[in-house]
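Please read the structure below before turning to the comments.
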Amino acid sequence: MENKIVSWAKRHKMVTTIGLGIWTILIFSVVISALSHANLNLATKNTSATKPAPKAKPVVTGPLPNLTNTSTQNDDPTNNFVVTAKWGIEWTYDCTNDNPPGNFYIAVQNPDGSANTNTSDVHTKGVKGNGVQQESLAGTYQLHIIVDPACTWHVQVVNNSAPTTVSDAPVPAKPKPAPTTAQQVTSWYNQYGSNITNLTNDFSKMSQEGTDSTAVEATCTQIFDDAVKAQAVPAIPDSSANISWQAALSSYISAAQDCQDGVTNSDVTLISQATTEFSQGNASLTATASAIQKLKQ
């Protein structure tokens, strides 16, 4: 009988300690709102093009144009030239040194500098390109060439041209700016923040279990599993937050092991130790949330 009384007293003390210890665990939730992404106002070059205003040119008829960026002034109409049917404009340009690449424009004009509505203009943009603009109406014309000064180019008018072909290199995409630490942490939380939520829910469940040692032991096992799983995700991309996060997980794993062993073996000392370790883990997780919040300031 005496042994039964001792056994009952020991278990009663253990269960009471579980109850007191569990209720002293800090129950908290960590809510990290989406951090505002930096607004990047990048000055960009206006590469939109409209048809150039006609420029008058003295009526001087000359040979078919064969021009380069070094042989004629940019944005200056050519001399008038005469072509027969089936003529064309061969063109090539290289804007490698222009950032961002601008427009390449050739307008076909009447001898007085007015726009010719029976022909097609050449209009493209990109790092470099070439092609042949085919025309079919004989007559007297002049060209108006517009291209950024940083580009090199060659334009030649030919009779009996080949069919129109165009080969434009695509404009390279501007490299995206590197994300800020705040943006990286937000992205991390969006992907892995459920690990924090899982642990918070575990502690909320434990607080409702009171002195039910069987239920407490099951929850301790769940905390252990969730903490181990959380250790496997990538580090928080902020050193201060990650140090606190890893410390919290280590404390939770140790506490969960002591909790399981303490309940299984009716060891009051281990139960008390688990309570202390749970509290340490909660303090570290609070520091993790604080470090993340500072990124918003």
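The values are calculated or read from the model by the stated rules, or taken from the named source; none is laboratory data. Fair warning: this is a prediction, and the values are worked out from it, not measured in the lab. Glycine gets a Cβ as well: all are built from the backbone with ideal geometry, and neighbour counts include every protein chain shown.
Just for the range 116-129: of the residues that are surrounded by fewer than 18 Cβ atoms within 10 Å (Cβ to Cβ) and within 17 Å of P65 (Cβ to Cβ), which one is farthest from the chain's Cα centre (by Cα)? This residue is S120.
Taking only the range 102-160 into account, find how many residues are over 20 Å from W87 (Cβ atoms) and of a type in the set (G, A, S). So the count comes out to 4.
Within the range 263-292, the set of residues being free of Cβ contacts under 8 Å to residues at least 60 places away in the same chain, assigned to a helix (DSSP H, G or I) and not hydrophobic (A, V, I, L, M, F, W, C) comprises T264, T269, Q273, T276, E277, Q280, G281, S284, S290. Taking E217 as the residue in question, decide whether it is in contact (Cβ under 8 Å) with a residue 12 or more places away in the chain, in a loop (DSSP other than H, G, I, E, B) and crowded, with 16+ Cβ neighbours inside 10 Å. Answer is no for this residue. Only a single item in (1) small (G, A, S); (2) at positive phi; (3) crowded, with 20+ Cβ neighbours inside 10 Å is not met by G113, and it is number (3). Candidates are the residues of the range 189-214 that are farther than 20 Å from S279 by Cα and among the polar types (S, T, N, Q); the one that is farthest from the chain's Cα centre (by Cα) is T214. A single member of T269, T264, T288 is of a type in the set (S, T, Y) and buried (at least 17 other Cβ atoms within 10 Å of the Cβ), and it is T288.
All conditions but one from (1) surrounded by fewer than 16 Cβ atoms within 10 Å (Cβ to Cβ); (2) assigned to a loop (DSSP other than H, G, I, E, B); (3) modelled with pLDDT of 90 or more; (4) under 17 Å from the mean Cα position of the chain (by Cα) apply to P234; the one that does not is (4).
Residue check: is V228 closer than 17 Å to F203 by Cα and not acidic (D, E)? Against the criterion (closer than 17 Å to F203 by Cα and not acidic (D, E)), V228 qualifies.
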